[in-house]
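Enquirer: Here it is, the structure, as structure tokens.
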Amino acid sequence: MAKKLSAKELIKKGVPYILIPGILAAAALGWKTDALGKIQNYYQMRALFPSSGIVSHVEDGDTFTLKSGVKVRLLGVDAPPGAPTRAENYLMENIYGERVYLEYDRYQDDKYGRVLAWVWIDCESTPKFLPADYMHKSGNESSPGLIDNPSGCKKGRLVNEELVKAKYAEVTSYTDRGELKYESRINELIH
């Protein structure tokens, strides 16, 4: 008899949180889960982790949805709850209906099924981002943080950083986790 699939088991296998409810539902409906072992890197699935998209809905000051249905949470910042906030108004004015470019980091999804990204706007061409695992050396040890804008977005703006500059959001540090790509850069704004 086959072992029953569980969320805990999927997390151990490195399956992104965003996929777990769908996989469990599919398994309950009879989908053969042995196909999971053939997937090398879930995070390279562009339908789940797109490189860009048009913003169709602003949920709050740090979360929005793309036309594709992908829900994005701004990485490294936290906007205060409440409606409408200055952060939410900023997102409505600057990214709603616009193309955004998503840069991924060592943590790419959360337990709420949202992708986590650095969000770039006003780029002169398609940005060339360093790989999502650029910062990861070993354990929580990290490479040096990034200071400069990526190639293709030298004149662009990092939305996460803009919210902190305007004091619409706070910098969020993830304790017991490795440093994020632009964590040092946005921390400079508060020191």
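Every number in this text was worked out from the coordinates using simple rules, so none of it is lab data. Computed from a prediction, not measured in an experiment: that's the story for all the values here. Quick reminder, even Gly has a Cβ in these numbers, built from the backbone with ideal geometry, and neighbours come from all protein chains shown.
Enquirer: With the contact rule set at Cα under 8 Å and sequence spacing of 6 or more, what percent relative contact order holds for the chain?
Expert: Answer for the chain is 19 percent.
Enquirer: With +1 assigned to the C-beta of every Lys and Arg and -1 to the C-beta of every Asp and Glu, and no other charges, what is the dipole magnitude of the chain about the Cα centre in debye, to the nearest 20?
Expert: Around 840 debye, computed over the chain.
Enquirer: I would also like to ask the following. Which of Leu180, Val164, Ser151 sits farthest toward the positive end of the charge dipole of the range 115-182, with +1 on the Cβ of Lys and Arg and -1 on the Cβ of Asp and Glu?
Expert: Result: Ser151.
Enquirer: Also, I was wondering about something else. Multiplying the sequence separation of His191 and Ala28 by 0.36 nm and subtracting their Cα-Cα distance, what value in nm do you get?
Expert: 53.6 nm
Enquirer: For the chain, what does the helix formula give at 222 nm: sum of -39500 (n - 2.57) over DSSP H segments with n ≥ 4, over the residue count, nearest 500 deg cm²/dmol?
Expert: -5000 deg cm²/dmol
Enquirer: Using packing as a proxy for protection, rank 142-149, 71-78 so that the peptide with the highest average count of other Cβ atoms within 10 Å comes first.
Expert: Taking the mean over residues of other Cβ atoms within 10 Å, the ranking is 71-78, 142-149.
Enquirer: Could you list Ser138, Ser68 in order of exposure, starting from the residue whose Cβ has the fewest other Cβ atoms within 10 Å?
Expert: Fewest-to-most ranking of Ser138, Ser68: Ser138, Ser68.
Enquirer: Suppose a student asked you for the relative contact order of the range 78-191, using Cα pairs under 8 Å spaced at least 6 residues apart; what percent would you report?
Expert: Relative CO of the range 78-191 lands at 28 percent.
Enquirer: Could you sort out which of Lys111/Lys137; Lys71/Lys128; Lys67/Lys167; Lys4/Lys67 sit more than 30 Å apart by Cα distance in this structure?
Expert: Among Lys111/Lys137; Lys71/Lys128; Lys67/Lys167; Lys4/Lys67, the Cα-Cα distance tops 30 Å for Lys4/Lys67.
Enquirer: Roughly speaking, what is the stretch gain from Tyr134 to Ser184, that is 0.36 nm per residue apart minus the C-alpha to C-alpha distance, in nm to one decimal?
Expert: Net length gain for the segment: 16.5 nm.
Enquirer: Another one. Quote to one decimal, in nm, the extra length available between Asn89 and Asp110 on full extension: 0.36 nm per residue of separation minus the C-alpha distance between them.
Expert: Here the answer is 5.2 nm.
Enquirer: Still on this structure: Just one of (i) 18.3; (ii) 17.7; (iii) 16.8 is Kirkwood radius over Cα pairs in Å as worked out from the coordinates here. Which one is it?
Expert: Only one option fits the structure, namely (ii).
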